[in-house]
1. Here are a few candidate values for Cα Rg over 2.2 N^0.38 Å: (1) 1.25; (2) 0.99; (3) 2.96. Which one was actually calculated from the structure I just gave you?
2. Mind checking the dipole of the chain: about its Cα centre, +1 per Lys or Arg Cβ, -1 per Asp or Glu Cβ, Debye to the nearest 20?
3. Find, among the chymotrypsin sites (Phe, Trp or Tyr not before Pro) in region 1-46, those assigned to loop by DSSP (not H, G, I, E, B) with at most 10 other beta-carbon atoms within 10 angstrom.
4. Using the Cα centre as the reference, give the magnitude of the dipole from point charges on the C-beta atoms of region 4-61 (Lys, Arg: +1; Asp, Glu: -1; all else neutral), rounded to the nearest 20 debye.
5. Where only protein heavy atoms count, and the probe is 1.4 Å, what is the accessible area per residue for region 1-44 in Å²?
6. Heavy atoms only, 1.4 Å probe, whole protein assembly: order M28, M68 by accessible area, highest first.
7. Got a number for carbon plus sulfur as a percent of the chain's accessible area, 1.4 Å probe?
8. With r as the distance between the Cβ atoms of I86 and D117 and R0 = 22 Å, compute the FRET efficiency 1/(1 + (r/R0)^6) and round to 0.05.
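The values are calculated or read from the model by the stated rules, or taken from the named source; none is laboratory data. In this text, all values refer to a predicted model and were calculated from it rather than measured experimentally. Here the Cβ positions follow ideal geometry from the backbone for every residue, glycine too, while neighbour counts run over all protein chains shown. SASA here: full protein model, heavy atoms, side chains in, ligands and nucleic acids out. Shrake-Rupley method; radii C 1.70, N 1.55, O 1.52, S 1.80 Å.
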Amino acid sequence: MYGCEAWTISKQIQNKLEATEMWFLKRMLRIPWTAKKTNERVLNDANKRRSLVRTIRKRQATFLGHVMRRGKLEHLVTTGKFEGKISRGRQRRKKMDGMATWLGTGKVLDTLAAVKDRDLWKDMIPDAYKQGT
């Protein structure tokens, strides 16, 4: 998870992370890959919940708050407010879009406004973490 604060998590990457998490858990419980156990059953046997993606999102939100309050070059890069032409074709999914969806603010501008208020931001992160992905 080193450097996960800079990842942009798409649905495909999220599925791969969840599959990897289940593979790790099955390896720790010494369940062979040929065993016909569902992921839910493995999670129940281990008394665990899927937490890898939620942990990554929490780290991203904490880092985002730090960067946005600092207001330096990282702020400009994260918000996408720099000079130049917009490339042709469909725009890539940005990190801020994923954070706005995960935090439940809906819009990037609402997320940026919430970052400025440190107490509100610190309350939003645990709430989003509890709700899951």
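1. (1)
2. Using Cβ point charges on Lys, Arg, Asp and Glu, the chain gives about 460 debye.
3. Y2, W33
4. In total the dipole reaches around 100 debye.
5. That works out to 81 Å² for each residue.
6. On the way: M28 140, M68 5 Å².
The ordering from most to least exposed comes out as M28, M68.
7. So the carbon and sulfur contribution to the accessible surface is 53 percent.
8. 0.10
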